[in-house]
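Values in this text are rule-based calculations from the coordinates and carry no lab data. Fair warning: this is a prediction, and the values are worked out from it, not measured in the lab. Ideal geometry is used to build each Cβ from the backbone, glycine not excepted, and the neighbour counts take in all protein chains shown.
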């Protein structure tokens, strides 16, 4: 079975470490916050200028001046800090964020990522995505392995305009956990009940399959 | 106005001198921390062919979105403009130009502009469409693109409290782009919720020192919420 959205978030959460500063993108990455292991402290960075993002507010706490990068109303945890956009991107571009999790349309064996623009469709903008992928060393891309029509999104070379070049090393799809090294995807783990053959069939880019590919457990 | 007193009492005075064809830098992220009354005044003035530098372009009917209604904006320099049907329509019709800029680069363009730095190098956007036509240089084995800074004829800023000398504090995440915008205007106009006397704000807590600010005005704010997300108490 392909991983559910929640399982993708749970698997990403296993990469968290105590004391990490983490930036979570919009969509599935946001769910990772629900699976921080018991007893572990992580601090969420929101690129509009909040380090230490908390839960959504109650009706009583609601404040138009407290939002996250998705423009949702949020709260701040004790120990949070709030700052300008320039300060926020100094953290991001200066490599101070320990883990960045974001979605993508395509990734390729060179570590390129395309996530912001589909030519011919309306272009809304890249927001902070280009800064995040250029500035972070530790990035996990979460995405579906193939399109609804079965076309692979893990390619030898991205076909869409890039968000960043040569910056992605870890990809979690609904089918597999992969790393990118020396111009190839390396299959590290597979989703429960998903065969290596299925992953091979749905990976267009060069794929190295180690002798043993463990199945994820949840 | 006398000495360092920057306070003006009407929005007419606040934006006096703003003309068609000028560049305006605006603070705000989404609808949070936007100078909503200054934007409304720009609409009322009817000036056209503006270049607006702002992370977003408001929504239909609120924030910078209202300046699209009478086609007052010629060019937007923004990182994300997806919240706005009229924007899309004018863009597709070729009536509006947009220069999409990574969010961190946009913040740095304003910061550098205000600090007298004409350009800077960043890894952000290297190898992407953003890099087209830009100088590339290698530092320590990594490639960087050159980005030019921005300044505005006017900067419009939303603060929380200011004193009469134009020292400004922002509230929560309504800070966002406002402090950089404030430094990058030839004429910087700050609208705030409360004006206090010099000495009432703790000097070390001031976000924008008054040296950057030419005019301060007290406004009342709707503070519209874009995504009202709640949890159960």
Bridge type composition, the stretch A:1-141 - antiparallel percent by DSSP, nearest 5: 45 percent
Percentage relative contact order, the stretch B:1-102, counting C-alpha pairs under 8 Å, at least six apart: 22 percent
Inter-probe distance in nm under a simple model that places probes 7 Å from Cα toward Cβ, at residue B:233 and residue A:80: 1.9 nm
Space enclosed by the convex hull of the alpha-carbon atoms of the protein assembly as shown, per residue, Å³: 155 Å³
Fraction of beta bridges assigned by DSSP in the stretch B:123-233 that are antiparallel (%, nearest 5): 35 percent
Contour excess over end-to-end distance, with Cα ends at residue A:149 and residue A:55 and 0.36 nm allotted per residue: 30.2 nm
Protection proxy ranking of B:140-152, B:205-217 - average other beta-carbon atoms within 10 Å, highest first: B:205-217, B:140-152
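Quick check on the stretch A:92-175: take the gyration tensor over C-alpha atoms, sort the square-rooted eigenvalues as a ≥ b ≥ c, and tell me if it's rounded (a/c under 1.5), prolate or oblate.
The shape class here is oblate.
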Residue order, fewest to most beta carbons within 10 Å, for A:182, B:49, A:174, A:211: A:211, A:182, B:49, A:174
Tilt relative to chain B, helix B:36-45 - C-alpha long axis, 0 to 90 degrees, to 10: 80 degrees
Ranking of B:105, B:10, B:173 by count of other Cβ atoms within 10 Å, fewest first: B:10, B:105, B:173
Relative compactness, the stretch A:1-66, computed as alpha-carbon Rg over 2.2 N^0.38 Å: 1.22
Likely footprinting exposure, A:158, B:32, B:57, fewest C-beta neighbours within 10 Å first: A:158, B:57, B:32
Chain B: angle of helix B:103-114 to the longest principal axis, Cα-based, in degrees nearest 10: 60 degrees
Beta bridges by DSSP in the stretch A:91-218, antiparallel share as percent, to the nearest 5: 50 percent
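Set the Förster distance to 60 Å, then compute FRET efficiency between residue A:188 and residue B:93 from the Cβ-Cβ distance, nearest 0.05.
0.80
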Cα-based shape type of the stretch A:146-191, given that a ≥ b ≥ c are square roots of the gyration tensor eigenvalues and the cut on a/c is 1.5: oblate
Separation in nanometres of the label points that stand 7 Å from Cα toward Cβ, at residue A:36 and residue A:181: 3.1 nm
The stretch B:91-233, relative contact order [Cα under 8 Å, separation at least 6], %: 22 percent
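In percent, how large is the relative contact order of the stretch B:73-121, given Cα pairs closer than 8 Å and 6 or more residues apart? List each step's numbers first, then the result.
Details: 38 pairs, mean separation 18.9, N = 49.
So the answer I get is 39 percent.
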Global geometry of the stretch B:100-232, whether rounded, prolate or oblate, following the gyration tensor of its Cα atoms and the 1.5 cut on a/c: prolate
Inter-probe distance in nm under a simple model that places probes 7 Å from Cα toward Cβ, at residue A:121 and residue B:74: 3.3 nm
Using alpha carbons only: equivalent-ellipsoid semi-axes of the stretch B:1-145, gyration tensor based, whole Å: 30, 21, 12
